[in-house]
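Enquirer: Would you mind keeping the following structure in view while I ask a few things?
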Amino acid sequence: MRVSELSERTGVSVHRLRRWESAGLLRARRDPNGVRRFESDTVRVVTSVAMVRDLGFGLDRIARLVPDYAAGRLGIDELVDHLQDRLTEIDAQIADLHEQRRRVVEHVAWFDARRPTKTKDAS
């Protein structure tokens with residue numbers, strides 16, 4: 001199928017599919033006139049890549065998983081392990097954001113304490 005048909009069947013933009021192909025996540029063969037042609041099983045790979053991208057996985061990490069996934073060698077245990085790793089990353093990001101928020105609140109309080117007080121005009 002052509003890239004436009006793959007896009008239509010998966011809901012992933014042509015631009016993104018081309019980027020994923022250039023990153024090595026997808027394989028296409030070229031017709032003699034240079035048109036990309038994807039195999040029908042690419043739909044399953046694209047759908048899976050889109051799902052894990054939505055979960056925050058980076059393209060480099062996905063690129064390491066796609067060959068095993070496409071070949072059916074990536075089992076549930078491995079998938080759960082990767083998802084657990086992602087949860088650990090998310091928890092670390094949340095902790096970092098909480099700490100950053102705490103520091104911002106401290107700065108706001110510091111600046112608030114140094115605001116000049118408003119004086120009433122005596123008429």
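Since every read-out is calculated from the coordinates, none of them should be taken as a lab result. Since we're looking at a predicted model, the values are computed, not measured. Neighbour counts are summed over all protein chains in view; Cβ atoms, including those assigned to glycine, are modelled from backbone coordinates with ideal geometry.
Enquirer: Mind listing the phi-derived Karplus ³J(HN,Hα) values for the stretch 27-41, rounded to whole Hz, using 6.51, -1.76 and 1.60 with θ = phi - 60°, and x for any glycine or proline?
Expert: 10, 10, 9, 10, 5, x, 8, x, 6, 5, 10, 9, 6, 5, 6
Enquirer: Further, regarding this structure: Which listed residue (Ala92, Val105, Val52) has the Cα farthest towards the positive end of the charge dipole for the stretch 51-108, taking +1 on Lys and Arg C-beta and -1 on Asp and Glu C-beta about the Cα centre?
Expert: Farthest towards the positive end: Val105.
Enquirer: If you don't mind, there's one more thing I want to ask. For the chain, take the longest principal axis of its alpha carbons; what is the angle in degrees between that and the long axis of helix 59-70, to the nearest 10 within 0 to 90?
Expert: The helix 59-70 is inclined about 30 degrees to the chain.
Enquirer: Could you give the size of the charge dipole of the chain about its Cα centre, using +1 on the Cβ of each K and R and -1 on the Cβ of each D and E, expressed in debye and rounded to the nearest 20?
Expert: Taking the Cα centre of the chain as origin, the dipole is about 640 debye.
Enquirer: I would also like to ask the following. Rounded to the nearest 10 degrees, what's the angle between the helix 42-54 long axis and the longest principal axis of the chain, both from Cα atoms, 0 to 90?
Expert: Approximately 10 degrees, to the nearest 10.
Enquirer: Please list, in order along the stretch 16-22, the HN-Hα scalar couplings obtained from phi with the Karplus expression 6.51 cos²θ - 1.76 cosθ + 1.60 (θ = phi - 60°), rounded to whole Hz, x for Gly and Pro.
Expert: After applying 6.51 cos²θ - 1.76 cosθ + 1.60, I find 5, 4, 5, 5, 5, 5, 5 Hz.
Enquirer: If you don't mind, there's one more thing I want to ask. For a quick protection proxy, order the peptides 81-90, 11-20 by their average other-Cβ count within 10 Å, most packed first. Before the final figure, lay out the partial values.
Expert: Working: 81-90: 12.4, 11-20: 15.1.
Result, highest mean first: 11-20, 81-90.
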